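This report refers to the structure that appears directly beneath it.
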Amino acid sequence: MKLSFQNATIQRDGLTALDQFTAVFDSSNGACAILGANGAGKSTMLAAILGLFPIAEGTILLDETPVTPQNARAIRARVGMVFQDADAQLFNQSVAEDVAFGPTNLGLPPEEVQARTTDALRSMRAEHLAQRDVTRLSCGEKRRVSLAGILAMRPEVILLDEPTSDLDPRACRELASLLQSLPAFQLIATHDLAFARRTCPQCAILQKGKLLASGKASELLENQSLLEEAGLA
Amino acid sequence: MSNPLDNAIAVLRTHQDAEHGPLGAVSPLPKVLVTFSYLLLAVSFRMHDVLGTALFAALPYVFGAICRISPWFLLKRASLALPFVLCAGLANCWFDRVPVAVLPHLAIPGGVLVLLGLVCKTLGTVSAVTLLAATTSITQISAALTSLHVPCPIVVQLQLLFRYLLLTFEEMRTIVTAYHLRAASSRGIPLRHWGTIVTRAFLRAGNRGNAIYFAMQCRLFDARRPLPKPARPSWQESLATVLAILALVGLRYFLP
């Protein structure tokens with residue numbers, strides 16, 4: 001599975017968030033960390049894959065399928081996104097209802113929705129939270145439940161936007177081990193270099209909406225001058 | 001601190017805050033049907049039938065208590081609607097002073113009877129809806145409404161409005177708390193600041209609402225698609241629903 005950006009330009013709130021951005025992310029290379037300082041365009045890049053922002057120029061392809069409003073539903077059935085703010089993602093009253101939201105929208109029968117919900121919660125070690133109110137979870141629990149909501153849709157690609165932004169070190173380690181156990185291809189936007197090292201064999205560094213560098217995480221993350229140039233060190 | 005914002009949030013979070021009791025396990029459709037029947041019958045009492053209205057208004061409390069939902073929990077929420085009713089009802093006391101015989105040796109001015117009737121109807125109907133909300137989530141209620149053929153756009157509007165109201169009140173509470181923390185010595189918020197506070201709350205709720213809508217779209221939400229219907233009630237639930245509605249109709253017409 002390949003995700004390609006070809007000279008993609010995206011404007012957001014009157015500013016150019018992605019500027020003639022070109023990159024290819026191949027699932028065969030393993031999870032990829034999208035690194036960059038604040039405002040580098042990481043979140044916009046992820047949201048653009050799901051067609052949440054109009055593409056001003058260029059194209060984004062998921063395999064051979066271009067990201068267009070017409071294809072948005074097909075793309076979103078294959079690609080899931082965990083948002084930075086878990087409160088924006090969890091809006092149903094109970095955890096089980098929230099996790100079932102995606103599979104229900106896929107039009108699956110109720111028994112299948114129930115089975116997927118249970119499986120997803122189990123894989124995120126959150127079965128015991130099923131009947132809890134989504135607003136009364138800790139940040140780590142919210143993150144795991146958000147991820148369960150996406151896993152229940154069985155996506156081929158999972159996009160994670162700053163997954164460690166509100167987690168303590170232990171919750172970060174737990175999340176990293178959970179992510180490593182998932183079969184889906186992951187693109188993880190973060191500026192947490194330790195987390196990127198732990199979870200992603202590949203990485204791409206963004207700066208002002210352009211690709212600054214991409215390659216093996218083990219090499220790029222040791223390049224101090226590159227990290228300084230990108231505002232990451 | 002208990003203020004109107006906290007009260008409004010408490011009403012919207014009724015389902016989260018309530019003990020769901022045995023009613024929580026019942027399919028949503030029977031609960032919605034019985035509640036609607038109760039509402040229709042409760043408002044059908046004539047304006048001077050205070051005794052019957054009061055006895056009928058007690059039903060949600062009795063039923064709630066049987067199902068382990070505290071009458072106090074229902075009364076607390078129902079009482080939030082009373083100021084509106086009192087505003088309307090008190091005027092009746094002024095305009096309608098003709099005595100009406102309630103018991104053989106007791107006559108009460110008509111306006112007072114109307115006021116008492118309105119209070120009873122409010123406490124009964126709001127408690128019945130609270131009982132439904134306490135034991136049934138908004139998603140389940142929406143599904144039940146869909147199976148009653150309520151048009152999909154109306155049900156989706158109801159869901160989104162519910163979520164938006166909660167967001168707006170939560171944002172407003174955050175702003176008001178931040179204000180008090182930086183103005184600890186002030187008593188209340190001066191009128192001149194309320195415009196900014198309300199505007200900020202709407203803008204922030206709008207932003208959060210937008211983010212939530214994005215997340216819903218990513219999980220394939222489409223307001224134009226029909227909502228899934230709930231599981232069909234079991235025959236026992238269907239029988240209990242019919243009996244409950246018949247019992248309500250019976251009580252309505254045999255109460256004094």
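What follows is calculated from the coordinates using simple rules that are stated; it is not laboratory data. Quick caveat, the model's predicted, so the values are computed rather than measured. Every residue, glycine among them, receives a Cβ derived from its backbone with ideal geometry; neighbour counts consider all protein chains shown.
Structure above, values below:
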| quantity | calculated |
| --- | --- |
| Where N is the number of residues in the stretch A:2-229, Cα Rg divided by 2.2 N^0.38 Å | 0.99 |
| Residues B:Ser127, A:Ser181, B:Ser238, B:Ser37 arranged by fewest to most Cβ contacts within 10 Å | A:Ser181, B:Ser238, B:Ser37, B:Ser127 |
| Computed [θ] at 222 nm, deg cm²/dmol, the protein assembly as shown (DSSP H ≥ 4; -39,500 (n - 2.57); rounded to nearest 500) | -17500 deg cm²/dmol |
| Neighbour-count order for B:Tyr61, B:Tyr38, B:Tyr164, fewest beta carbons within 10 angstrom listed first | B:Tyr164, B:Tyr61, B:Tyr38 |
| Surrounding net charge for A:Val95, when Lys and Arg each add one and Asp and Glu each subtract one, Cβ distance under 9 Å | -3 |
| Nitroxide proxy distance, nm - points 7 Å out along Cα→Cβ at B:Thr174 and B:Arg232 | 4.6 |
| Percentage, to the nearest whole number, of Cα pairs in the stretch A:1-117 over 22 Å apart | 43 |
| Stokes-Einstein translational diffusion, the stretch B:123-249 - Kirkwood Rh over all Cα pairs, 1.306 mPa s, 10 °C, in µm²/s | 88 |
| Computed over chain A: relative contact order in percent, which uses C-alpha pairs under 8 Å that are six or more apart | 27 |
| Segment A:Gln114-A:Glu229, extension gain: residue separation times 0.36 nm, minus the distance between their alpha carbons | 36.6 nm |
| Positive-end residue, the stretch A:2-229 charge dipole about Cα centroid, Cβ charges, pick of A:Leu193, A:Leu137, A:Leu221 | A:Leu137 |
| Charge dipole magnitude, Cβ of K and R +1, D and E -1 - the stretch B:152-218, Cα centre, debye nearest 20 | 260 |
| Global geometry of the protein assembly as shown, whether rounded, prolate or oblate, following the gyration tensor of its Cα atoms and the 1.5 cut on a/c | prolate |
| Cleavage-rule hits, trypsin sites (Lys or Arg not before Pro), the stretch B:73-133, DSSP coil, Cβ neighbours within 10 Å at most 13 | B:Arg97 |
| Cleavage-rule hits (GluC sites (Glu not before Pro)) in the stretch A:61-127: DSSP loop, at most 12 neighbouring Cβ within 10 angstrom | A:Glu64 |
| Exercise: per-residue mean of other protein chain Cβ atoms within 10 Å, A:104-114 | 3 |
| Neighbour net charge for A:Ala77 - beta-carbon separation under 15 angstrom, K R +1, D E -1 | +3 |
| Antiparallel bridges, percent of DSSP beta bridges restricted to the protein assembly as shown (to nearest 5) | 60 |
| Sites B:Trp72 and A:Asp133 - FRET efficiency at Förster radius 22 Å, r taken between beta-carbons, to 0.05 | 0.60 |
| Length-normalised contact order of the stretch A:1-119 in % [C-alpha pairs under 8 Å, at least 6 apart] | 23 |
| Projected label distance in nm at A:Gln6 and B:Tyr253, using a 7 Å step from Cα toward the beta-carbon | 7.4 |
| Prolate/oblate/rounded label for chain B (Cα gyration tensor, a/c 1.5) | oblate |
| Highest-MSF residue in chain A out of A:Pro155, A:Pro169, A:Pro201 [GNM, Cα springs under 10 Å] | A:Pro169 |
| C-alpha center-to-center spacing [the stretch B:48-103, the stretch B:168-231] in angstrom | 33 |
| Sum of side-chain charges, B:Thr125 neighbourhood, beta-carbon under 14 Å (Lys, Arg +1; Asp, Glu -1) | +3 |
| Residue order, fewest to most surrounding Cβ atoms within 10 angstrom, among B:Leu165, A:Leu129, B:Leu116 | B:Leu165, B:Leu116, A:Leu129 |
| Rel. contact order, % - alpha carbon contacts under 8 angstrom, at least six apart, the stretch B:5-152 | 38 |
| Candidates A:Leu35, A:Leu106, A:Leu62, ranked by Gaussian network fluctuation over chain A, Cα under 10 Å, top entry | A:Leu106 |
| Cα→Cβ-extended label distance, 7 Å offset, between B:Val150 and B:Phe95, nm | 3.1 |
| DSSP bridge orientation in the stretch A:2-229 - percent antiparallel, rounded to nearest 5 | 55 |
| More than 26 Å apart - percent of Cα-Cα pairs taken over the stretch A:117-233 | 26 |
| Sparse-neighbour loop sites [trypsin sites (Lys or Arg not before Pro); the stretch A:1-42; at most 15 other C-beta within 10 Å; DSSP] | none |
| Shape parameters for the stretch B:152-218, alpha-carbon atoms, Rg then Dmax in Å | 14.9, 50 |
